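The values are calculated or read from the model by the stated rules, or taken from the named source; none is laboratory data. Here the structure is a predicted model, which is why all the values come from computation and not from measurement. Positions of Cβ are backbone-derived with ideal geometry, glycine not excepted, and every protein chain shown enters the neighbour counts.
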Amino acid sequence: MNKQLRGPVIAGNWKMNLSPAETEALIKETKPLVAGAKCGVVFCVPFVDLQAALEAAAGSNLKIGAQNCHWEARGAFTGEVSAAMLKEIGVEYVIVGHSERRTLFGDTNETVACRARAALDAGLTVILCVGESLEQRERDITMEVVRVQTKIALAGVSKAELARVIIAYEPVWAIGTGLTATAAQANEVNRGIRGLLAELYGQAAADSVVIQYGGSMNAANAAELVAQPDVDGGLIGGASLKAADFAAIVKAASEG
Ligand code: PGA
């Protein structure tokens, strides 16, 4: 399948940055710069910024996502936010399984699967993050790690639901470090993930899944990465906090 038919998606992951007022300002600055984008454009913002982001992005091509969700709809889960709550206020996307959630906050392949399940049940689109550590890459088990992460997260996800799943391949060693996977490394793992999806869901379904790359993607290296046949855009951390940089990445994906 032609990757432009799949439609690349550039998603900003703001992490724990920007207040509601700063959210409004950055979205207002970014909106006109990405208005003509030929790719999906999403900002995944902190929970307290969601309302401001939704209001600032209203009527534009900019979609809003959260960075995590809990797997239960409600209950005694202090500090958590459910997928249904996100859906109710108009959020369309949610990141699950980001490596920072896995390494700093105890998320496992199993809890990631539960979060993805809840997000899909609530009608959200999931941005599922997978990726190997430096040690795992050095041991040459990258594909095994990524396959296990993907397979467990997608257990129970139907072919119809797969249309609401984006996979973000993010090598842990490349996140926030300034180290980027080479375009060839990114494409190789993304192709491997697509191969796994073909085993699980058939080639046609696998061909329609957006598989992003993430990890120090920026205005300078985006074009080469998103030009790869199996790299359908990116999940952008640091560079998503600067309107001009983010817009340059969106432009690269629109042309890639
Ligand atoms: P980075 O983060 O672009 O700052 O490396 C990417 C991510 O964590 O999604």
> Within the stretch 232-250, which residues are out of contact with any Gly (no Cβ under 8 Å at 6 or more places or on another chain) and outside any helix (DSSP H, G or I)?
Replying inline: K242
> Any idea which residue in the stretch 229-250 is nearest to V42 (Cα to Cα), counting only those that are surrounded by fewer than 19 Cβ atoms within 10 Å (Cβ to Cβ) and away from the ligand (no atom under 14 Å from the Cβ)?
Replying inline: A243
> Given (1) within 16 Å of the ligand (Cβ to nearest atom); (2) surrounded by 16 or more Cβ atoms within 10 Å (Cβ to Cβ); (3) more than 22 Å from E255 (Cβ to Cβ), where does Y201 come up short, assuming only one miss?
Replying inline: (1)
> Of the residues that sit in the stretch 115-158 and are acidic (D, E), free of Cβ contacts under 8 Å to residues at least 24 places away in the same chain and assigned to a helix (DSSP H, G or I), which one is nearest to A84 (Cα to Cα)?
Replying inline: E144
> Are any residues in the stretch 1-29 in contact with a strand residue (DSSP E or B) (Cβ under 7 Å, 6 or more places away or on another chain) and either more than 16 Å from the ligand (Cβ to nearest atom) or at positive phi (or both), and if so, which ones?
Replying inline: G7, I27
>> So A253 passes all but one of these: (1) touching a residue at least 12 places away in the same chain (Cβ under 8 Å); (2) more than 10 Å from the ligand (Cβ to nearest atom); (3) assigned to a loop (DSSP other than H, G, I, E, B). Which condition number does it fail?
In response: (3)
>> I need the full set of residues from the stretch 4-36 which are modelled with pLDDT of 95 or more and of a type in the set (A, V, I, L, M), in order please.
In response: V9, I10, A11, M16, L18, A21, A25, L26, I27, L33, V34, A35
> Of all residues in the stretch 95-114 being within 21 Å of I236 (Cβ to Cβ) and in a helix (DSSP H, G or I), which is nearest to the chain's Cα centre (by Cα)?
Replying inline: S99
> How many of the residues making up the stretch 202-219 are out of contact with any Asp or Glu (no Cβ under 6 Å at 6 or more places or on another chain), small (G, A, S) and within 21 Å of G12 (Cα to Cα)?
Replying inline: 1
